[in-house]
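Below is one structure, written out as structure tokens, with a few remarks after it.
The values are calculated or read from the model by the stated rules, or taken from the named source; none is laboratory data. Keep in mind that this is a model prediction, so the values were computed, not measured. With ideal geometry, Cβ positions are generated from the backbone for all residues, glycine too; neighbour counts draw on all protein chains shown.
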Amino acid sequence: QSLSGAVLISLGRDSVTLISLLAVMLWTDWQWTLLALIGLPVLVLPLLAVQGFIRRTAIAAREAAARLSTRLDEIFHGVQTIKLNRLEDHENRRFRDEIRSFLRPSIKAQIGVAANPAMIDIIAAAGFVAVLYFGGQDIISDEKSVGEFMKFFTALGLLFEPLRRLSSIAGQVQAAGASLERIYAVFEARPTILTPATPQPLPEADITFEDVHFAYGDTPVLRGLSFTAKAGQTTALVGASGAGKTTVFGALTRLVDPQSGHIRIGDVPVDQASLTALRDTIAVVGQDTALFDESIAANIRMGDLGASDDAVQSAARDASVLEFAQSLPGGLDTAVGPRGSGLSGGQRQRVAIARAMLKSAPVLLLDEPTSALDAQSEKLVGAALDRLAQGRTTLVIAHRLSTIRAAHKIIVMEAGRVIEEGTHDELLANSGTYARLYELQISGKE
């Protein structure tokens, strides 16, 4: 913003003024002009050094501002934890430290910006003294008239003001450049997940993972994962935290691409389909539902932006959203608040399920959608999920094993590999990892 509007106008106006006044001075006496400006070359290195200083401190200030914003966001969203653990003084100290780390480079950058015109003033003073002395000598010797001297001196006096402003703008450009570098880095970033030049259409068929390997940096997550989820059936993924279950969903939707192995829908590798077609094929309901500060109806319609009001109403009914929406002042037109803060956890989940119902995708991914719900909310959400899963190829991540007993296949993962698979009854009969997990949960409830 600092580079726009008045600054750009000043840049153009002062440049024209500077050139015009310099032309008048040269036309009056080129020797006096050299005397007046002889100190400018001396300023080149100091000015360049100051510009570099401004850029470095401005970059440091921008980085500190980003940390400050992050700290504020953490405080706002963790205010309950802060109060309950009496962390107010601790967080105040941390916040003051962040403010100081922001103010120090910010003040230094402003000092650098102010130093530019100050150096111009020093050279201007030297130029005035030189012209007064040598110009006076020329007048005494009748080589120049008083009128010529006054014309030159007036032009010289006017010359340094636009020069000061231009040097100040140069400092502002350096400071703004620190912000622009961050913006350019975003604009110049290239997507790592690409659609092939000739994408293949996706069938409604089995989903197959074949020897899939994936790592976050140097940390392997999936180690030769292989399994098949039958079309139209429910396949559940279970295992300890860190087993790679959520990464399976990320790889299937191509939020990440595996380093090796193949993921197919039917005979089509997902990386040979267009991203648009792939993600149109899949609906996701996760444990952390993303709702936007709009109406309930608008949040549901994000599953299909072209859906009619009747279709939205139908999805809301099937997902049991109408049960609570009818008691709200605006019904489905009630705003949910930032991040859905106006709704309970169970209500947010039901809105997400309605969104997935409206999308009507053939593949459904459920990432522990009832893990944070109470028994009453879990019952309502579970019933809505059962309706949503009918006729769809469904993959479910679940920690509560009681919720996936009816799955057609249960895949037990450990350290990124499949260690068991089968139905609930088959896995219990095997007395393996699944049976132990199930017994632990059952005994825990008792």
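Would you pick out the residues in segment 199-217 that are farther than 20 Å from Glu414 by Cβ, loosely packed, with under 15 Cβ neighbours inside 10 Å and within 30 Å of the chain's Cα centre (by Cα)?
Passing the criteria: only Gly217.
Working only within segment 181-222, note down all residues that are more than 28 Å from Leu395 (Cα to Cα) and in contact (Cβ under 8 Å) with a residue 40 or more places away in the chain.
Across segment 181-222, the qualifying residues are Glu181, Arg182.
Of these, Tyr434, Tyr438, which one is in contact with a strand residue (DSSP E or B) (Cβ under 8 Å, 6 or more places away or on another chain) and not in a strand (DSSP E or B)? Explain how you work it out, then say what you get.
Working: Tyr438 fails: in contact with a strand residue (DSSP E or B) (Cβ under 8 Å, 6 or more places away or on another chain).
Selected residue: Tyr434, the only one of Tyr434, Tyr438 that is in contact with a strand residue (DSSP E or B) (Cβ under 8 Å, 6 or more places away or on another chain) and not in a strand (DSSP E or B).
Any residue in segment 317-336 that is free of Cβ contacts under 8 Å to residues at least 60 places away in the same chain sitting within a Cβ distance under 6 Å of a residue that is surrounded by fewer than 17 Cβ atoms within 10 Å (Cβ to Cβ) and assigned to a helix (DSSP H, G or I)? List the pairs, counting only those 6 or more apart or interchain.
Once the first residue is free of Cβ contacts under 8 Å to residues at least 60 places away in the same chain and sits in segment 317-336, its partners that are surrounded by fewer than 17 Cβ atoms within 10 Å (Cβ to Cβ) and assigned to a helix (DSSP H, G or I) give Ala325/Gly331.
Determine whether Arg164 is more than 29 Å from the chain's Cα centre (by Cα) and basic (Lys, Arg). Walk me through how you get there before you give the answer.
Numbers: more than 29 Å from the chain's Cα centre (by Cα): yes; basic (Lys, Arg): yes.
So Arg164 passes the test.
Is it fair to say Asp257 is at pLDDT below 90, surrounded by fewer than 17 Cβ atoms within 10 Å (Cβ to Cβ) and either over 19 Å from Met413 (Cβ atoms) or assigned by the TED database to the domain that holds Ser402 (or both)? Explain how you work it out, then say what you get.
Details: at pLDDT below 90: no; surrounded by fewer than 17 Cβ atoms within 10 Å (Cβ to Cβ): yes; either over 19 Å from Met413 (Cβ atoms) or assigned by the TED database to the domain that holds Ser402 (or both): yes.
Answer is no for this residue.
Quick check, is Thr289 crowded, with 23+ Cβ neighbours inside 10 Å, at pLDDT below 90, under 30 Å from the mean Cα position of the chain (by Cα) and hydroxyl-bearing (Ser, Thr, Tyr)? Full working, then the answer.
Values: crowded, with 23+ Cβ neighbours inside 10 Å: no; at pLDDT below 90: yes; under 30 Å from the mean Cα position of the chain (by Cα): yes; hydroxyl-bearing (Ser, Thr, Tyr): yes.
No, not satisfied.
Being over 60 Å from the mean Cα position of the chain (by Cα) and in contact (Cβ under 8 Å) with a residue 12 or more places away in the chain is the filter; apply it to segment 139-153 and report the residue that is nearest to Trp32 (Cα to Cα).
So, considering only residues that are over 60 Å from the mean Cα position of the chain (by Cα) and in contact (Cβ under 8 Å) with a residue 12 or more places away in the chain, the one nearest to Trp32 (Cα to Cα) is Phe149.
Within segment 315-339, restricting attention to residues that are of a type in the set (Ser, Thr, Tyr) and over 12 Å from Val351 (Cα atoms), which residue is surrounded by the fewest Cβ atoms within 10 Å (Cβ to Cβ)? Show your work before the answer.
Of all residues in segment 315-339, those of a type in the set (Ser, Thr, Tyr) come to 320, 327, 334.
Subset that is over 12 Å from Val351 (Cα atoms): 327, 334.
On the way: Ser327: 9, Thr334: 17.
Among those that are of a type in the set (Ser, Thr, Tyr) and over 12 Å from Val351 (Cα atoms), it is Ser327.
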